[in-house]
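Structure first, commentary second.
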Amino acid sequence: MGNEIKNIKNGNICSPKGFIAGSIFAGIKSPGQDKRDIGIIFSETDCVSAGTFTQNSVVSPSVTWTKKVLQDNRLRAVVVNSGCANCAVGEQGFLDAKETAEIASKSLSIDLDSIAVASTGIIGVELPMALMRKFIPQIELSDSDGPGFARSILTTDKRTKEIAVSFDIDGSEITVAGVAKGSGMIHPNMATMLAFITSDISIDENVLKETLSSSVNRSFNQISVDGDQSTNDTVLIMTNGNANNKKITKIEDCDKFLEALDEVCIFLAKEIAKDGEGNTRLIEATVQGAKTEDDARKATKYIVSSNLVKTAVYGRDPNWGRIMMAVGASQIDLDESKIEIFVNDIQIVADGIATPYNHQSVVIAMNQPIIRLTVNLNVGENTAKAWGSELTEEYVVFNSAYTT
């Protein structure tokens, strides 16, 4: 039992050794109690880093800058602003992203090319650089402002999303921590989602890239709030080696770290889906018995992305035909006559057709905070999960007046 992954109580982005953070309210967002809108994560030593980014063809220059930095350099810090996406503003966007890094580099006394930049908020508005110049140098870093950083990246989120876990490798305690934001424009191949992960593990860069990609595919790429893919999505991991473990150089030696990374990423992904704009409950779709894992992932993503499924969940309507439709729309390999469907463990479809069930029992089951939609295809051995939110009147009203 000595090698289990432990959840750290009140864990945050500063839980791994050698990481500190800071945050401030600069006025980029409208004011409110304890609001922050610029944050910094800083490592006391150089980091091995990796990132995954939006697949949207319209990309924030903040993402472009960070991709450039990651290609050739070791990260020491990331500076993040909320309230402005720094997107669709022409060449000025890249100049502003670079200047943001320059301001932070002078304030932190580190190289310009060791600083990543991330932005989130309204598209089509230039970064208010006068505020960035004034307030970034005022940010005070400490090992106790992880929660402040978590607040600094929020936009329409109702709550912060933080986690830290630890495990042991050959006597060295390793910590992995994560923080994320996102509640709308979420349909990743990556969403307006930002996620930052820190760890004190010593690990090879190529192995880190492979583990991050694998974990993102099982977590952030398996959520959907509204079917819209953001221009700013970023998942960034920084590992500084301060745990002093024997350096991991092969993917075969990475099982425990990958398990911990999955735990962090899946927790954050579920929190984003649960916090969807206008949402009150989490949809968890599971597809079992698929021929391939890719088939299972694709089918689950279609289920949680379907507006008809989302509205049925919101209305507590056990309309299983919509789930069947979504699975079929994914065009994976299946045999309709073998499909089983369950809603919160109550079976409502067997052999591809309705099975006798108490309608009211299912309606009552759909009042739970988590609605589990399980589909067994019975054509293979592979399973996957995806997470999504309801589609509510509140979501429509909120997004009909987002900038007004």
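Taking the C-alpha atoms only, the angle from helix 255-274 to the longest principal axis of the chain is near 80 degrees. Each residue, residue 347 and residue 9, gets one label point 7 Å from its Cα in the Cβ direction; the gap between the two is 4.3 nm. On a 29 Å Cα-Cα criterion, which of the cross-link pairs 29/270; 9/134; 68/106; 6/385 come out too long? Over 29 Å apart, Cα to Cα: 9/134. In the chain, the longest principal axis of the Cα atoms and the axis of helix 320-329 are about 60 degrees apart. In this simple spin-label approximation, residue 308 and residue 364 carry label points 7 Å from Cα along the Cα→Cβ vector, and these lie 2.9 nm apart.
Viscosity 1.567 mPa s, temperature 4 °C: Stokes-Einstein D of region 282-400 from its Kirkwood Cα radius, in µm² per second? Could the numbers behind the result be given before it?
Numbers: Rh = 14.2 Å.
The diffusion coefficient I find is 91 µm²/s.
Students often get this wrong: which residues of region 302-319 have the backbone nitrogen under 20 Å from the point 7 angstrom along Cα-to-C-beta of residue 354? Correct set: 308-319.
Dividing the convex hull volume of the alpha-carbon atoms in the chain by its residue count gives 141 Å³ per residue.
FRET efficiency for residue 173 and residue 206, Cβ-Cβ distance as r, R0 = 30 Å, nearest 0.05? Each step should come with its number before you reach the end.
On the way: r = 24 Å, r/R0 = 0.81.
The computed FRET efficiency comes out at 0.80.
Among the GluC sites (Glu not before Pro) within region 1-93, those in coil by DSSP and having at most 16 neighbouring Cβ atoms inside 10 Å are 4, 91.
Counting other Cβ atoms within 10 Å as a rough exposure proxy, the listed residues 108, 282 run 108, 282 from fewest neighbours to most.
Using mean Cβ contacts within 10 Å as the protection proxy, how do 261-270, 67-76, 231-240, 355-364 order, highest first?
On the way: 261-270: 23.2, 67-76: 17.1, 231-240: 26.4, 355-364: 12.5.
The peptides rank, most packed first, as 231-240, 261-270, 67-76, 355-364.
3J(HN,Hα) couplings calculated from phi for region 336-346 with the Karplus curve 6.51 cos²θ - 1.76 cosθ + 1.60 (θ = phi - 60°) are, in sequence order, 3, 6, 10, 6, 10, 10, 10, 10, 6, 6, 8 Hz; Gly and Pro show x.
Taking the Cβ of residue 129 as the center, what net charge do the other residues with Cβ under 12 Å away carry, scoring Lys and Arg +1 and Asp and Glu -1?
Values: positive: 98, 133, 134; negative: 96, 99, 102, 126.
Around residue 129, the charge tally is -1.
In order along region 28-44, phi translates into HN-Hα couplings of 5, 9, 5, x, x, 4, 6, 6, 10, 9, 9, x, 10, 10, 9, 9, 6 Hz, rounded to whole numbers, per the Karplus curve 6.51 cos²θ - 1.76 cosθ + 1.60 with θ = phi - 60° and x for Gly and Pro.
Our coupling estimate for region 174-181, obtained by passing each phi through the Karplus curve with A = 6.51, B = -1.76, C = 1.60 and θ = phi - 60°, is 9, 10, 10, 10, x, 9, 8, 9 Hz, Gly and Pro reported as x.
Any chance you could give the angle, 0 to 90 degrees and rounded to 10, that helix 205-218 forms with the longest Cα principal axis of the chain? Helix 205-218 sits at roughly 40 degrees to that axis.
Once you keep just the Cα pairs under 8 angstrom separated by 6 or more residues, what percentage relative contact order results for the chain? Don't skip to the answer; put the middle values down first.
Details: 1055 pairs, mean separation 70.4, N = 404.
Once divided by the residue count of the chain, the mean separation gives 17 percent.
Of all DSSP beta bridges in the chain, what percent run antiparallel (nearest 5)? Antiparallel bridges make up about 70 percent of those DSSP assigns within the chain. For the pair residue 129 and residue 91, the difference between a 0.36 nm per residue extended length and the Cα-Cα distance amounts to 12.2 nm.
FYI, it's all coordinate maths here, none of it is from the lab. Bear in mind that the values here come from a model prediction, so they are computed numbers and not experimental data. Because the Cβ atoms are built from the backbone with ideal geometry, glycine has one as well, and the counts that use them run over all protein chains shown.
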